[in-house]
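Q: Starting off with a structure, shown below.
The values are calculated or read from the model by the stated rules, or taken from the named source; none is laboratory data. Small disclaimer: the values here were computed from a predicted structure and weren't measured. All Cβ positions, even for glycine, are placed from backbone atoms using ideal geometry, and neighbour counts span all protein chains on display. Just the protein is used for accessible areas: all its heavy atoms, side chains included, with ligands, DNA and RNA removed. Shrake-Rupley method; radii C 1.70, N 1.55, O 1.52, S 1.80 Å.
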Amino acid sequence: MRDKFGREIDTLRISVTDRCNFSCLYCSKEFNKIEKEKILSYEEIINIVKVFTKLGIKKIKLTGGEPLIRENITYLIKEISNLPEIEDISLTTNGFFLFENVEKIKEAGIKRINISLDTLDEKKFARITGFKHLDRIKRVVEESCKTFSSVKLNVVIIKNINLDEIEDFLNFARENKMILKFIELMPVYKNLSFWKENFVPYKVVKNIIESFVSIFKIEERRIKVYKGENLIVEFVSPVSEPFCGKCDRLRIDCKGDLFLCLYGKPVLNLKKFNEEILNLIQFYIFNREYSFNPFAQISVKNYRFPVMNCLGG
Ligand code: SAM
């Protein structure tokens, strides 16, 4: 379905847990805070997905916390990937629990996977994540590249930690034939000075890449996609160039709270949810604000609205 700005929404990002085995420097989430009874059960998640398919959701991304920390996640993946309306189910993970489970996750229905890895250096890895398992994650990345049809490496650029590793990442991506996705560091509200000291706009990263290899833009939707020799590089720039005008997704956190924007407040809780509130969900989606992203300065004048009334057809 489309919202009043004409943005087509076809992707639902579902956080299946607030638990995580890493404690990344820049992560603003508070882990292990939510009581288990408040977390969506698999049946509740499946029901939510079924209802959202009626609103045009075709793509599901499972995330967290760390999604693979949740017991029997393959059951959820299988059930969602068996829904005929779902064209794509993918996963964002830190990779730790993928170790020796890559095949199992693929068999459950995952074709595309994003693995988050911000450094190829053991000491920096421990500094960023609080843990010492870089070798394990590298092996998982290599195995995943042989198994899944698409692997993206999510790299958050942190000026004083990994800006000097871009060439290493280019080589690592080429060796493993995976897509490199550079993400701008978003403000960490519990430590704003860390963000101010470490934020790097995507253009700086792009310039550094271009000092090693020629790349040219092949696509610009939410994400900017560039191609070079044996290389695909993506940039996600929520801070320096917000992409609210192209936002195609909704988010549900592990308690069932529906978010219309990464930066917004929840509008509805869907834990005890039935089809009767379908109209209410449609109403919220259609009327979603242009943006809650504090960095978005783009004028709404560029966008036609209303394009169609989702309630009336
Ligand atoms: N645990 C999983 C993982 O590591 O991919 C899924 C959840 S994690 C929150 C999803 C992605 O958000 C990761 O790639 C992580 O690096 C990114 N992320 C978290 N906090 C961020 C921040 N402050 N700025 C930019 N990206 C961030």
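Q: Please identify the trypsin sites (Lys or Arg not before Pro) of the stretch 162-191 that satisfy two criteria: DSSP loop assignment and at most 14 other Cβ atoms within 10 Å. Which are they?
A: 177
Q: Sticking with this one: Hey, any idea what Rg/Rh is for the stretch 105-193, computing Rh the Kirkwood way over Cα pairs?
A: Values: Rg = 13.8 Å, Rh = 13.9 Å.
We get a ratio of 0.99 for the stretch 105-193.
Q: Just report the Cα centroid separation between the stretch 57-91 and the stretch 122-176, whole Å.
A: 23
Q: Count the net charge of all other residues whose Cβ sits under 11 Å from the Cβ of residue 251, scoring Lys and Arg as +1 and Asp and Glu as -1.
A: Charge balance near residue 251 sits at +1.
Q: A further question follows. What percent antiparallel are the DSSP beta bridges of the stretch 11-311, to the nearest 5?
A: The answer is about 30 percent antiparallel.
Q: For the chain, with a Gaussian network of springs between Cα atoms less than 10 Å apart, report the residue from 294, 238, 201 with the top mean-square fluctuation.
A: 294
Q: Moving on to the next point. Which of the GluC sites (Glu not before Pro) across the stretch 195-248 are loop residues per DSSP, with 10 or fewer other Cβ within 10 Å? Before the final figure, lay out each step's value.
A: Values: sites: 197, 210, 219, 220, 229, 234; in loops: 229.
When the GluC sites (Glu not before Pro) of the stretch 195-248 are filtered for loop state and at most 10 Cβ neighbours within 10 Å, 229 remain.
Q: Oh, and also: So which aspartates and glutamates pass the test for residue 265, namely a Cα distance under 16 Å, with those fewer than 8 places away in the same chain ruled out?
A: 253, 257, 289
Q: Can you tell me, using C-alpha contacts under 8 Å and at least 6 residues apart, the relative contact order of the chain as a whole percent?
A: Reported as a whole number, the value is 21 percent.
Q: With a probe of 1.4 Å, find how much accessible area the chain has per residue, and write the answer as a whole number in Å².
A: It amounts to 49 Å² per residue over the chain.
Q: Projected onto the charge dipole of the stretch 11-311 (+1 at Lys/Arg Cβ, -1 at Asp/Glu Cβ, origin at the Cα centre), which of 242, 28, 282 gives the Cα projection farthest towards the positive end?
A: Looking along the dipole axis, the top candidate is 282.
Q: Considering the zone a paramagnetic label at residue 85 would reach in this model (a point 7 Å from Cα along the Cα-to-Cβ line), which residues of the stretch 51-66 have amide N under 13 Å from it?
A: From the stretch 51-66, the list is 51-60.
Q: A further question follows. Mind checking the full-extension length gain between residue 33 and residue 167? Use 0.36 nm per residue of separation minus the Cα-Cα distance, one decimal, nm.
A: Using 0.36 nm per residue and subtracting the Cα-Cα distance, I get 44.4 nm.
Q: Can you tell me, using C-alpha contacts under 8 Å and at least 6 residues apart, the relative contact order of the stretch 136-287 as a whole percent?
A: After rounding, I find 16 percent.
Q: Here's another thing I want to ask about it. How many nm is it between the label spots at residue 225 and residue 279, if each spot is 7 Å from the Cα in line with the beta carbon?
A: About 4.0 nm, to one decimal.
Q: Would you mind calculating the gained length between residue 47 and residue 175 on full extension (0.36 nm times residue separation, minus the Cα-Cα distance), in nm to one decimal?
A: 42.0 nm
Q: Convert 37 °C to kelvin, take the viscosity as 0.692 mPa s, use the Kirkwood radius over C-alpha pairs of the stretch 11-311 as Rh, and evaluate the Stokes-Einstein diffusion coefficient in µm²/s, rounded to a whole number.
A: Here the translational diffusion coefficient equals 162 µm²/s.
Q: Once the piece of chain linking residue 190 and residue 75 is laid out straight, how much longer is it, given 0.36 nm per residue of separation minus the C-alpha distance between them?
A: Details: separation 115, 0.36 × 115 = 41.40 nm, distance 3.54 nm.
Contour length minus Cα-Cα distance gives 37.9 nm.
Q: With 18 Å as the limit, write out which pairs from 152/255; 38/59; 152/177; 36/271 have Cα-Cα distances beyond it, or answer none.
A: Among 152/255; 38/59; 152/177; 36/271, the Cα-Cα distance tops 18 Å for 152/255; 38/59.
Q: Nearest 0.05, what FRET efficiency do residue 255 and residue 292 give at R0 = 22 Å with Cβ-Cβ as r? Don't skip to the answer; put the middle values down first.
A: Values: r = 19 Å, r/R0 = 0.87.
Here the calculated transfer efficiency is 0.70.
Q: What do you get for GluC sites (Glu not before Pro) in the stretch 244-293 restricted to DSSP loop and a cutoff of at most 16 other Cβ within 10 Å of the site's Cβ?
A: Values: sites: 275, 276, 289; in loops: 289.
Answer in residue order: 289.
Q: Here's something else I'd like to know. Local charge sum around residue 209 (other residues, Cβ-Cβ under 14 Å, Lys/Arg +1, Asp/Glu -1)?
A: Charge balance near residue 209 sits at 0.
Q: Also: Using 7 Å Cα-to-Cβ label points, what is the residue 112/residue 131 separation (nm, one decimal)?
A: For the pair residue 112/residue 131, the computed spacing is 2.6 nm.
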